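Only one structure is covered here, and it is reproduced in the block below.
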Amino acid sequence: MTGPVESDHRATLAVWKFASCDGCQLSLLDCEDELLTLAGAVRIAHFTEMSRATVSGPYDVSLVEGSITTPADVRRIKEVRNSSHRLVTIGACATAGGIQGLRNFAASGEYAGTVYAHPEYIDSLETSTPISAHVEVDFELHGCPIDRHQLLEVLTASLVGRRPVIAGHSVCQECKGRGTVCLLVSGNTACLGPVTRTGCGALCPAVGRGCFGCFGPADTANTSSLAARLHDDGMAPVDVSRLFRTFNAGAPAFLEESVAQGGSVPVPRGGTGATAAGQEHR
Ligand code: SF4
Ligand code: SF4
């Protein structure tokens, strides 16, 4: 039997949601076998996806999912930062602005008028920006969604006060490791594996599909070299640009290459309190 709340000396963990699909939060629940061990080591103090009970901060570790897309988000992320000893962002939305960051390349107000009968009720910013554009972030974990094993490593490291050991090499290297025949070389299939961060174990190429970059740019992504290769295979620059514009369109290396291939630049904004995706993103 556990003791009273006051004598609970476990570290506290909080999980926060901003503009997102919840997939990254679910990766924590996906931990299954490790979840009970984790619950023994940390006190899950705030996680509205999972629990009705919430304990007020400060929190030892906060996991933040989602991007900043509303004025209320801008205020709330500052409160989250102030109540968190360590703040870790999880997923493409939180680290690069997410798929919703595609609005940064257009006048998003036009979309609202197309989609909603009463767009005047929509109170959102012109941009979707990563958490790091608004507050200091202690560590960014990439993926759409994130990998649960990497999440456990980040949590473990955060709890003992060391830097997480998360590989930054490419999906391409994983293909070589598991003996998957290269799609670019053998199948003339567009694949972002050479420039995408590992984390999935090269899942898509193993089933004959090109990687579309859901873990974002690898540490030393040579995007221009890959673009040249795709041109040699007959891909038009506009299609290469689109290949880089999915979940991680706001990640600097992908953003720069998509613009180099002729894609539109982020629309300059004024007075939103937010920056275009990628500009201040680490
Ligand atoms: S990064 Fe992907 S899986 Fe995670 S919340 Fe965003 S859209 Fe969902
Ligand atoms: S798209 Fe790329 S990074 Fe995403 S699961 Fe497939 S191979 Fe992995």
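Computed values, structure above
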| item | result |
| --- | --- |
| Percent carbon-and-sulfur accessible area, segment 30-171, ignoring ligands, DNA and RNA, probe 1.4 Å | 53 percent |
| Cysteines having no other Cys beta carbon under 4.7 Å from their own, within the chain | Cys21, Cys24, Cys31, Cys93, Cys172, Cys175, Cys182, Cys191, Cys200, Cys204, Cys211 |
| Computed accessible area, Ser56, all protein chains, 1.4 angstrom probe, square angstrom | 90 Å² |
| Chymotrypsin sites (Phe, Trp or Tyr not before Pro) restricted to DSSP loop in segment 9-69 with at most 11 other C-beta within 10 Å | none |
| Farthest toward positive dipole pole in segment 1-129 [+1 Lys/Arg, -1 Asp/Glu at C-beta], among Ser27, Thr69, Pro119 | Thr69 |
| About the Cα centre, charge dipole magnitude for segment 84-164 (Lys/Arg +1, Asp/Glu -1 at Cβ), debye | 380 debye |
| Percent antiparallel among DSSP beta bridges (both partners in the chain, rounded to 5) | 15 percent |
| For segment 63-152, accessible area per residue (1.4 Å probe, heavy atoms of protein chains only), Å² | 41 Å² |
| For segment 198-263, with +1 on Lys and Arg beta carbons and -1 on Asp and Glu, the positive-most of Val238, Thr223, Gly213 along the dipole | Gly213 |
| Ranking by accessible area, most exposed first, for Met50, Met235 with a 1.4 Å probe | Met50, Met235 |
| In nm, spacing of pseudo-spin labels at Val165 and Ala117 (7 Å Cα→C-beta vector) | 5.8 nm |
| Mean shadow area of the chain over all directions, Cα convex hull, nm² | 16.6 nm² |
| Estimated [θ] at 222 nm from DSSP helical runs (n ≥ 4, -39500 (n - 2.57)) normalised by residues in the chain, nearest 500 | -9000 deg cm²/dmol |
| Cα-based convex hull volume of segment 46-123 per residue, rounded to whole Å³ | 126 Å³ |
| Solvent-accessible surface (1.4 angstrom probe) belonging to Asp232, in square angstrom, nearest 10 | 130 Å² |
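The values are calculated or read from the model by the stated rules, or taken from the named source; none is laboratory data. The structure presented is a predicted model; accordingly, all values stated were derived computationally and were not measured. Counting neighbours? That spans all protein chains shown, and the Cβs are built from the backbone with ideal geometry, glycine included. Heads up: the accessible areas ignore ligands, DNA and RNA and are worked out on the full protein's heavy atoms, side chains in. Shrake-Rupley method; radii C 1.70, N 1.55, O 1.52, S 1.80 Å.
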